[in-house]
1. Quickly run through region 83-130 and pick out the residues that are among the small types (Gly, Ala, Ser) and surrounded by fewer than 17 Cβ atoms within 10 Å (Cβ to Cβ).
2. For region 60-74, enumerate the residues that are over 23 Å from Val98 (Cβ atoms) and open to solvent by less than 20 Å² (accessible area, probe 1.4 Å).
3. When region 53-71 is examined, which residues are found to be on the phi < 0 side of the Ramachandran plot and at pLDDT 95 or above?
4. Scan region 123-135 for residues that are in a loop (DSSP other than H, G, I, E, B) and under 18 Å from the mean Cα position of the chain (by Cα) and jot them down.
5. How do the pairs read when you match residues in region 155-174 that are surrounded by 17 or more Cβ atoms within 10 Å (Cβ to Cβ) with residues anywhere that are modelled with pLDDT under 95, using Cβ under 6 Å and keeping only pairs 6 or more apart or on different chains?
Amino acid sequence: MGQQTASLERASDALACVYPDTFADLYLSHWWKTYRWNQYVLRRVARAIYRGRGRVIVNAPPRFGKSFATSRVIPTWTLNNWPDWRILLVAHTKDLAVDFGRTVRNEFRDNEDMDTILQEDSTAAGRWNTPDGGGMFCVGVGGAVTGKGANVAIIDDPYPTYASAQSYRYRREVQEWFAGSLYNRIEPGGSIIVNHHRVHPNDLTGY
C-alpha cells in the first residue's frame, strides 16, 4: 500500500505540472492563488508554449495579476518542466525585470518541491542558470540581448508611465528594439508573450 500511495502521489504531482495554474496552486500557494481569469491566461500561454512558436498578447487593467501569471508563474513552471530552456524576461526597467528574476530564482533555491535546481554559482538575481543549460536572463527595454537565445521571451509592461507611451519617439524605440533585437534572439520554435495594459492605439500590442 505504501508503494501504491507513493506512485499515486507522483502521478498526481506530474499531472499537476501539465498546466501552470495547477502547478502554481500545488507548489506556489505561499504567494499565489489562481482565479478563473488567471487560469484562462495561464492555460492559453501554456498551450502556445506546448505547440511551439507561440505568440501571445495579454491585455488587462492593472492589478489583475497578469504580471504574476506571466512573469512569475510561467517562468517557474517552464523551467521546472524544461530545465534546459532559456527564459528572457523584459520589463520597462532592468530593476523591475530583475525583481521578477529574483522571485523565480529564489523559488528554485528555497522550495524543496521544485524538480529543477540552480547551478551552484547562480547567485545573480537577473542572470542565473540550471545545471542542464537553461536559466533566466532579465533585462530592461533597450538592453543588450546579443548572444542570448531564448526559448520563451516575456515582455512585461514595456512603458514606465502613461506619458512615455504617448511619446512617438519612445514607442518607436520600443518597437525597433522588439523587432530588431529581441525577436532575433528567439530560438526555433520559441514563444513570445507580450503583457501590458493598453496605453495607446500604437503601443506594443497595437504594433
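1. Ala124
2. Ala60
3. Across region 53-71, the qualifying residues are Gly54, Arg55, Val56, Ile57, Val58, Asn59, Thr70, Ser71.
4. Ala124, Ala125, Gly126, Thr130, Gly133, Gly134
5. These pairs meet every condition: Asp156/Ser67.
Yes/no matrix, rows are residues, columns are (1) open to solvent by 50 Å² or more (accessible area, probe 1.4 Å); (2) in contact with a strand residue (DSSP E or B) (Cβ under 7 Å, 6 or more places away or on another chain):
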| position | (1), (2) |
| --- | --- |
| Thr22 | no, no |
| Tyr27 | no, no |
| Arg44 | yes, yes |
| Ala48 | no, yes |
| Val58 | no, yes |
| Thr76 | no, no |
| Asn81 | yes, no |
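The values are calculated or read from the model by the stated rules, or taken from the named source; none is laboratory data. The structure displayed is predicted, hence computed values, not measured ones. As a convention, Cβ positions derive from the backbone with ideal geometry for all residues, glycine included, and neighbour counts pool all protein chains shown. Surface areas here come from the heavy atoms of the whole protein model, side chains and all, with no ligands, DNA or RNA. Shrake-Rupley method; radii C 1.70, N 1.55, O 1.52, S 1.80 Å.
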